[in-house]
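Read through the structure below, which is laid out as structure tokens, and then see the notes.
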Amino acid sequence: MDDPTVHQLRLLLTLAEELHFKRAAARLYLTQPALSQQISALEHRLGVQLFTRTSRRVELTAAGESLLPMARKVVTAMEHLRNAASRTKLGDGRLRIGVCENVAPLEATRAVLGAISSLYPCLGPEIRIYDFADPITALESGRIDAAFVYLPVPEGFHSQPLTTEPRMVCVASSDPLAARSSVSLADLAGHPVVSLASEMFQEGRDYWAAAPRPDGTPVHYTDHQVSRFETLLSVASFGGAIAFVPSAAARLYPRPDLRYLPVDDLPDCTLGMVWSAADRAKPHIAALEDICHQLRQQGVLQGDMQSLTRLLDMESAYC
């Protein structure tokens, strides 16, 4: 007789709580047939019927009720084993991760942080909120171990790409361009770009100003030294200046005084997890890189939460 898997025992515990296949499947990000097949496989492996099923209700059998405490102990023991293995491999230090205000709500950010917490509880993580000009400085000084950053980054840093999205231009709703459905960089030639803080490295400042322009048109800047995303939007909202932003901003920061417009000839931007290249071989950074890679490969960063569930059930992958 094959032993039941810990994954199957987790499914048993969830179904025992819900006593409803549809609700349990939704909690587990599974289809109802997939959950039913796993429960049937578990019953076959244990040699007992755990649930009685009718078209109207699901009930635990006496055998199922008696096995629940032991199933919980097995699942808890596996969690303790994984945590102990992680501490042995990675130590007790918490991952210090920098997050800018404009990336904190993103699905990719939440998926990575959730995977770290689930797979490596001993790593934390410890979240530190920064203005968007600060994470690179914090990485250079060692105040954080990694950060969510829109690329590019300076030399000496390694980045693991997470998601790619269009860049858009943000204009005041009173600007004549606001009536357009899209624009080109040539259409924006007469608009100065909101200047980012000088602490931000020059390649990054140029990238978010779309400089140089393809036709050689010089880029003019405002006198502002902006370091916060909300400030960037507010400066653009007063008119006379524009700001280039990731397309997620249109969803996360809707404002009546702003319009977000697609730019036909502007390349996409990429959000990445970034750390010092010198730290890449450290166990906790290697674990973080592997998590990011797995999440991207399995489609989790594009919102496939069923893939996230499968990833978190792969105990052997990280312990």
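Nothing in this text is a laboratory measurement; each read-out follows from the coordinates by a stated rule. Values in this document were obtained by computation on a predicted structure and should not be read as measured data. Glycine also receives a Cβ, built like all others from the backbone with ideal geometry; neighbour counts cover every protein chain displayed.
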Quickly estimate the mean residue ellipticity at 222 nm for the chain, helices only: each DSSP H run with n ≥ 4 gives -39500 (n - 2.57), and the total goes over all residues, rounded to 500.
-12500 deg cm²/dmol
What net charge is computed for the residues neighbouring Tyr130, neighbours being all others with C-beta under 15 Å from the C-beta of Tyr130, Lys and Arg scored +1, Asp and Glu -1?
-4
Prolate/oblate/rounded label for the chain (Cα gyration tensor, a/c 1.5):
prolate
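Below 8 Å between Cα atoms, with a sequence gap of 6+, how large is the relative contact order for segment 167-267 in percent? Don't skip to the answer; put the middle values down first.
Details: 162 pairs, mean separation 54.2, N = 101.
Once divided by the residue count of segment 167-267, the mean separation gives 54 percent.
Note down the relative contact order for the chain as a percent, whole number, built from C-alpha pairs under 8 angstrom at least six residues apart.
Result for the chain is 22 percent.
Count charges around Asp145 for me, please; just the other residues with Cβ under 13 Å from its Cβ, Lys/Arg as +1, Asp/Glu as -1.
Working: positive: Arg94, Arg96, Arg128, Arg143, Arg280, Lys282; negative: Glu126, Glu140, Asp279, Glu289.
Around Asp145, the charge tally is +2.
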How far is the Cα center of segment 211-269 from the Cα center of segment 1-19, in Å?
51
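If you take every DSSP beta bridge whose two residues both sit in segment 98-243, what share of them, in percent to the nearest 5, is antiparallel? Can you show the working numbers first?
On the way: 1 of 8 bridges.
Around 10 percent of the beta bridges assigned by DSSP in segment 98-243 are antiparallel ones.
In what sequence, highest mean first, do 181-187, 270-276 appear when ranked by Cβ atoms within 10 angstrom? Could you put the intermediate results ahead of the total?
On the way: 181-187: 14.1, 270-276: 21.3.
Descending mean neighbour count gives 270-276, 181-187.
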